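S.K.: First the structure, then my questions, so here it is.
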Amino acid sequence: MIDVIRSLNDVINEFHLKHRRNIFLVMNTPTQLSDRLPENVPGPWFITDACIICGLCDELAPGIFRPLEDFSFNHVYHQPVNDEEEELAREAAESCPVEAICRE
């Protein structure tokens, strides 16, 4: 668990240095549809503005998730269309350190 926390801290620090923005994580808050990024393609899966672009989702499911052009957030650019893609999206959502990947 300590290694996971250290890894997450490294990702946050790298993001801060790259984008010159502070990140304040609020864990275990209910996600609202209003938090849904408008760049997500229409469909049940979406990423919220809690995303810290750690890269896990686009590593686990590169056919579904991608960073925005300005690397400010990741987004859903392709909704899963079969069981395999649905499982990849589910795995990415469960791995998201800030619970920014959601399904309606």
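S.K.: Which one of these does Phe71 not meet: (1) in a loop (DSSP other than H, G, I, E, B); (2) free of Cβ contacts under 8 Å to residues at least 12 places away in the same chain; (3) within 22 Å of Asp10 (Cα to Cα)?
M.R.: Failing condition for Phe71: (2).
S.K.: Further question: Name the residue that is surrounded by the most Cβ atoms within 10 Å (Cβ to Cβ), counting only residues in segment 44-81 that are under 8 Å from the mean Cα position of the chain (by Cα) and β-branched (Val, Ile, Thr).
M.R.: Only one residue tops the list, namely Ile47.
S.K.: Please go through segment 82-98 and pick out each residue that is crowded, with 16+ Cβ neighbours inside 10 Å and outside any helix (DSSP H, G or I).
M.R.: Cys96, Pro97, Val98
Read-outs: derived from the displayed coordinates by stated rules, not from any lab. Small disclaimer: the values here were computed from a predicted structure and weren't measured. Neighbour counts run over all protein chains shown; Cβ positions are idealised from the backbone, glycine included.
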